[in-house]
1. Output the strands (runs of 3 or more DSSP E) that fall wholly within the range 1-119 and possess 2 or more residues being at pLDDT below 85, or say none.
2. Here's a check for you: in the range 56-70, which residue that is closer than 23 Å to T125 by Cβ and in contact with a strand residue (DSSP E or B) (Cβ under 8 Å, 6 or more places away or on another chain) is surrounded by the fewest Cβ atoms within 10 Å (Cβ to Cβ)?
3. What tally of residues in the range 200-228 results from selecting those that are buried (at least 19 other Cβ atoms within 10 Å of the Cβ) and among the aromatic types (F, W, Y)?
4. Looking at L197, L150, L163, which one is over 27 Å from Y86 (Cβ atoms) and in contact (Cβ under 8 Å) with a residue 40 or more places away in the chain?
5. Is there a residue being out of contact with any helix residue (DSSP H, G or I) (no Cβ under 9 Å at 6 or more places or on another chain), outside any strand (DSSP E or B) and at negative phi anywhere in the range 145-155?
6. Looking at Y86, Y175, Y145, which one is among the aromatic types (F, W, Y) and either in contact (Cβ under 8 Å) with a residue 60 or more places away in the chain or farther than 21 Å from F219 by Cα (or both)?
7. I'd like the full set of residues that are under 16 Å from the mean Cα position of the chain (by Cα), surrounded by fewer than 19 Cβ atoms within 10 Å (Cβ to Cβ) and closer than 17 Å to S183 by Cβ, limited to the range 118-151.
Amino acid sequence: CVSIFSDNATDPDYDVDFESPTSIGRYGTSFYIGSTEQPFKSTLDVATFSTTQDADTGTPGVLSSNSRAVWWQNRWYVTTQTKLYYKTISGGAWTDTGITLTTGVPHPLVVFRNKNSLCVANGNTIKLLDTSHSTTVTLTIPTDYEIISLAFSNNKIGIITRLSTTADGQNQESYFFVWDGASATTSTGISVGSNLLVGIVSYRGSFVVLSKTGEFLYFNGGGFDTLG
C-alpha cells in the first residue's frame with residue numbers, strides 16, 4: 001500500500017507541491033496524478049519512490065480542486081477549470097481536446113464502457129464524447145443541482161450531485177440520477193435526504209453512494225438500501 005501526499009502543502013510555491021491528489025492512474029510502475037495544483041508523475045520500484053511535476057510538451061498547467069482525470073483510449077485525460085486535455089503515453093505530449101468547460105464547478109470524468117465514450121460533467125450537464133472528442137449526446141439535469149461525481153455500472157452512469165450555489169439554502173435535497181447515455185434526460189432521480197452526496201462507486205451491478213449524513217446507500221433499481 002502506497003500513500004501519495006505532498007510534504008510541502010503550506011509552501012506558497014505551488015510549483016513544488018500538489019497539495020491534494022484528485023485522481024491517480026497507474027501505468028506499469030508509474031503513476032499519473034491529477035491534483036489541485038499541477039499534473040504530476042510518480043515512479044515506484046523496490047528501492048525508490050519519486051514524484052515530479054509533469055512538464056511534458058503542452059502540459060495543461062494549473063489544475064484545481066474541480067479537476068479530475070481518467071484513463072481512456074490508452075490516454076490520460078485531465079480536466080482543468082476550463083478545458084479537457086489528454087496525454088499520450090508513447091509520445092508524452094499533452095493535447096487540448098477543444099472541449100470548453102465552466103470555471104468554478106466540478107468536472108468529473110468517467111468512461112461509458114459499453115459505448116467506448118467519455119462522460120465529461122460540467123455543472124448541470126454531461127457531454128458524451130466519441131473517440132474523436134465529438135459530442136454525441138448532452139445530458140441536462142435541473143439547474144438546482146451540480147454534478148460532483150460519476151460512476152459506470154451495468155451499462156449505465158450513476159450521478160451524484162450537490163445543490164447549486166443558487167439553490168443552496170432553499171430547503172431542497174440533492175438527488176441521485178441514473179443515465180442510459182442515449183437521451184438528453186435521466187431515467188431515474190431519487191432524493192437522498194441531504195444537500196450533498198459525497199462519493200459514488202460501482203458495486204454488484206449497481207451503485208453505492210455516501211451521503212453527507214454518513215450513510216452508505218446501495219441503489220437497488222428503484223430506491224436505496226442502507227448498508228451502514
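1. Qualifying strands (runs of 3 or more DSSP E): 21-27, 30-35, 40-44, 49-53.
2. S65
3. Final tally of qualifying residues: 3.
4. Sole residue among the options that is over 27 Å from Y86 (Cβ atoms) and in contact (Cβ under 8 Å) with a residue 40 or more places away in the chain: L197.
5. no
6. Y86
7. N124, T125, listed by residue number.
Okay, residues lined up against (1) open to solvent by 70 Å² or more (accessible area, probe 1.4 Å); (2) aliphatic (A, V, I, L, M); (3) over 16 Å from E146 (Cα atoms):
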residue	(1), (2), (3)
I157	no, yes, no
T161	no, no, no
E173	yes, no, no
G181	no, no, yes
V198	yes, yes, no
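The values are calculated or read from the model by the stated rules, or taken from the named source; none is laboratory data. Computed from a predicted structure; not experimentally measured. Positions of Cβ are generated from backbone atoms using ideal geometry, with glycine treated the same way; all protein chains shown enter the neighbour counts. Accessible surface is based on the protein model in full, side chains and every heavy atom, while ligands, DNA and RNA are left aside. Shrake-Rupley method; radii C 1.70, N 1.55, O 1.52, S 1.80 Å.
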